[in-house]
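Comments concern the structure below.
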Amino acid sequence: MVSFESKVYSFINNHELIQKGDRLLIACSGGIDSMGLLHYFLSLRKCFDIEIFVAHVDHMLRGKTSLEDRQFVENFCKEKGVPVFSTSIPIPEILKEEGGNSQAICRRERYAYFAEVMEKNSITKLVTAHHADDQLESMLMSFTRSGSLGGMKGIYAKRTFSFGTIIRPFLSVTKIEVKEYLEMKGGTYREDSSNSKDDYTRNRFRHHIIPLMKQENESIPQNAVQLAERIQEDDDYLFTIATSKFTQLTRRSDGDGYVLDITAFQKEPHSIQRRIILMLLNYLYNGTESSNSDVLARSILELCKTQDGSATIDLPKQFVANRIYEEVFFEKKTVKVIHDETIVQLNEWNKLKNGMCLYIGEASNVAKSEEINDGVKLYFNSKSFTAPFRVRSRKDGDRIHLKGMEKQKRLSRLFIDEKVPLLDRDSWPILVDSKDVVMAVIGIRENKNISKIQRAQDDIKIIIEYNKE
């Protein structure tokens, strides 16, 4: 029978978790698992040629008892000559101020402390005592919550953490094996009374579901570890492919947004499409919970199934996904900007809020016509429209009479046909006369009575320039 130490040693080598000269920070609560981990590395410290440090966090949730846990770890490390870093974090006060899930906040604060210790002491690897039973519990809990592939990948044996790496050498062994090893070493530990309660989801799985599964097959924790590794390997490979495709199918837009090319995106296999969307979400949400949402991913994939017309879906935290024909824009939702209604001053330049400048004046004014650099000239007869002229944002029901059309066209339809981004439509400058007749959607289309070539009857000139100083 393979010994406990040999089994873990083989797992460490197979996964390249430790190299000669490593400085390891062992996360130690004082419980069975972490004390077993500490005893293991104390026994093989010379074999691995490593330096060992210990970190302990008192969450202050169990008063005197949790303080005694801290003292237990500190005394053990002092006895063994192991440098120890410990702290007490007032989780009850943080919960009172922030609310939320106590376990999630404990984990956040605990790992923030570990990262701080590692950075200050040039320690590159954090070691935790997660074992095969933890892997099974994590996968089952994830499957129960959502069944997402990300959750079914379970716990990695090695992943990046802070400026270093977090490793889990005990994933190859079960909790019973860890306990037997610790007893064989004559080690002592502290029992957390909260572990016996069913208040937490993990404890309910641990006390009721896992024992039933082990009655059918005692090796199910090891099977979970093997399955997780296969899923991790396959998923990591597909993400490597998706990463390459991501740079080809997307581009950065203004600010923190992205633009996705639907035509090219639709040619990719569904497995790659889904991962590209998850990568997009990760960039948008910086790895927070929304980054790995299968519900969001499915909604976006549905949005990308067609290039016809436009559509929008709201995303968390004020983001939107806007499909405009062959592209999807992922960007922050902007507050609707409504142009103030502006009276156009004749025979002088009028600066608009979107960077355009507008001039309306007598067509005979030669000096003004020579000022145009990067824009367009238009002409109309003063009898066609009634001054004063105004620039405003669009209104519900706005229509424009275009050349060659018998009926007036809704501006809402015009914006769609001209592929104007959805977020720009409500703020686009509309030129109207005193009777609210739409003379032009500035920079896009003009009323049928406005011409790009000066006709004999035209006595008024329009000049539109872009980014005029």
Strands (runs of 3 or more DSSP E) (entirely within the range 1-120) containing at least 3 residues that are in contact (Cβ under 8 Å) with a residue 60 or more places away in the chain: 23-27
Any hit, the range 164-172, residues being touching a helix residue (DSSP H, G or I) at 6+ places or on another chain (Cβ under 8 Å), farther than 19 Å from Asn14 by Cβ and in the same structural domain as His56 (by TED's automatic domain parsing): yes
Of all residues making up the range 421-436, the number that are without any contact (Cβ under 8 Å) to a residue 60 or more places away in the chain, touching a strand residue (DSSP E or B) at 6+ places or on another chain (Cβ under 9 Å) and surrounded by fewer than 18 Cβ atoms within 10 Å (Cβ to Cβ): 3
The one condition in (1) of a type in the set (S, T, N, Q); (2) at pLDDT below 90; (3) part of a strand (DSSP E or B) that Ser194 fails to fulfil: (3)
Residue check for Thr160: under 26 Å from the mean Cα position of the chain (by Cα), in contact (Cβ under 8 Å) with a residue 24 or more places away in the chain and surrounded by fewer than 20 Cβ atoms within 10 Å (Cβ to Cβ): no
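Let's see how each residue does on (1) of a type in the set (A, V, I, L, M); (2) in the same structural domain as Lys125 (by TED's automatic domain parsing); (3) under 20 Å from Phe114 (Cβ atoms); (4) buried (at least 16 other Cβ atoms within 10 Å of the Cβ):
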site: Leu17; (1), (2), (3), (4): yes, yes, yes, yes
site: Lys20; (1), (2), (3), (4): no, yes, no, no
site: Leu24; (1), (2), (3), (4): yes, yes, yes, yes
site: Leu38; (1), (2), (3), (4): yes, yes, yes, yes
site: Phe53; (1), (2), (3), (4): no, yes, yes, yes
site: His56; (1), (2), (3), (4): no, yes, yes, yes
site: Met60; (1), (2), (3), (4): yes, yes, yes, yes
Unmet requirement for Met405, which otherwise passes all of (1) crowded, with 16+ Cβ neighbours inside 10 Å; (2) in contact (Cβ under 8 Å) with a residue 40 or more places away in the chain: (1)
Some residue of the range 43-58 being closer than 18 Å to Thr188 by Cβ and of a type in the set (Phe, Trp, Tyr): no
Among (1) over 30 Å from Ser3 (Cα atoms); (2) in contact with an Asp or Glu (Cβ under 8 Å, 6 or more places away or on another chain); (3) assigned to a helix (DSSP H, G or I), the one test that Pro221 misses: (1)
Within the range 269-351, strands (runs of 3 or more DSSP E) holding 1 or more residues that are more than 14 Å from the chain's Cα centre (by Cα), under 22 Å from Phe239 (Cα atoms) and modelled with pLDDT of 90 or more: 327-332
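Within the range 12-20, can one find any residue that is polar (S, T, N, Q) and closer than 21 Å to Glu177 by Cβ?
First, pick out the residues of the range 12-20 that are polar (S, T, N, Q): 13-14, 19.
Restricting the remaining residues to those that are closer than 21 Å to Glu177 by Cβ gives 13-14.
For the range 12-20, residues polar (S, T, N, Q) and closer than 21 Å to Glu177 by Cβ: present.
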Residues that are surrounded by 17 or more Cβ atoms within 10 Å (Cβ to Cβ), among the small types (Gly, Ala, Ser) and over 18 Å from Phe205 (Cβ atoms), drawn from the range 136-157: Ala157
Those residues of the range 243-279 which are surrounded by fewer than 16 Cβ atoms within 10 Å (Cβ to Cβ) and among the hydrophobic types (A, V, I, L, M, F, W, C), in sequence order: Ala264
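The values are calculated or read from the model by the stated rules, or taken from the named source; none is laboratory data. A quick note: this is a predicted structure, and the numbers were derived from the prediction, not measured. All Cβ positions, even for glycine, are placed from backbone atoms using ideal geometry, and neighbour counts span all protein chains on display.
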